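The values are calculated or read from the model by the stated rules, or taken from the named source; none is laboratory data. What you are looking at is a predicted structure, and each value in this text was computed from that prediction instead of being measured. Reconstructed Cβ throughout: ideal geometry from the backbone, glycine too, with neighbour counts over all protein chains shown.
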């Protein structure tokens, strides 16, 4: 009995130690970023990794808005992220419903292709995607053969179109719709409901919790996108907030204080949306469970 009690206490102690290590390793970089954003330039170098500023200042937050057009960058990122959420929720859920509930020839092959595409690193597909956007017919001054212009490059569509319907969105929503009963669709078809009406009026409301999760993940990915917007966007007025912040770092100097302040500002929208949507998501899940 004593040995069992000792093992339980030892297991609990190890669990708390592991949880503490994970929490510290996760929260500590955020605390350091926040602390650095509140330090003058001289204190950043002098204090090193000190978390408590000796001299407090909000000048870094004003400097970052004067150094780069943060508001413009934020609006660009917001536009791209919101459109990405709308397209992924609609097309992803529609494709997921089709693969889960409709009798479609070759749907297993199609679904396998989506799953296989998730295993390919994004860097592998960057060059083909770039060439497709560059030589897309009748876009950006291109002729029918895709020559003569720049296609979709240096436009918001160059960032939006490649992620308009993500493979993860289709995979995720297919699993969600498969967990819902088929009898609902059968009863609606007997009543004369259209297939789109069954999807939109019956199954989408039941999948609101899953859609909110997908929406949060999609918005976060769109808002934090860096590499792809850096490649396809050239005009300063179209830059996203993550690409814009990189302008504070050069080969010869780094404005650490304003950079950390900009990082905190760029993190706030995702944090706020997650906190708001989390409560809404939990309520929906409780309601769905009650039904």
Which ones in segment 32-73 are surrounded by 14 or more Cβ atoms within 10 Å (Cβ to Cβ) and farther than 15 Å from residue 265 by Cα?
39, 40, 41, 43, 44, 47, 50, 53, 57
Selection count where residues are under 14 Å from residue 222 (Cα atoms) and crowded, with 21+ Cβ neighbours inside 10 Å, scope segment 257-273
1
Considering only segment 221-256, state which residues are within 30 Å of residue 178 (Cβ to Cβ) and either surrounded by 21 or more Cβ atoms within 10 Å (Cβ to Cβ) or at pLDDT below 90 (or both).
222, 223
The one condition in (1) more than 18 Å from residue 84 (Cα to Cα); (2) in contact with a helix residue (DSSP H, G or I) (Cβ under 6 Å, 6 or more places away or on another chain) that residue 212 fails to fulfil
(1)
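Specify which of the listed residues (151, 163) is at pLDDT below 90, within 25 Å of residue 236 (Cβ to Cβ) and in the same structural domain as residue 207 (by TED's automatic domain parsing). Spell out how you get there, then give the answer.
Numbers: 151 fails: at pLDDT below 90.
The conditions single out 163.
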Residue satisfying condition, being buried (at least 17 other Cβ atoms within 10 Å of the Cβ), in contact with a helix residue (DSSP H, G or I) (Cβ under 7 Å, 6 or more places away or on another chain) and farther than 30 Å from residue 129 by Cα, within set 170, 159, 204, 176:
204
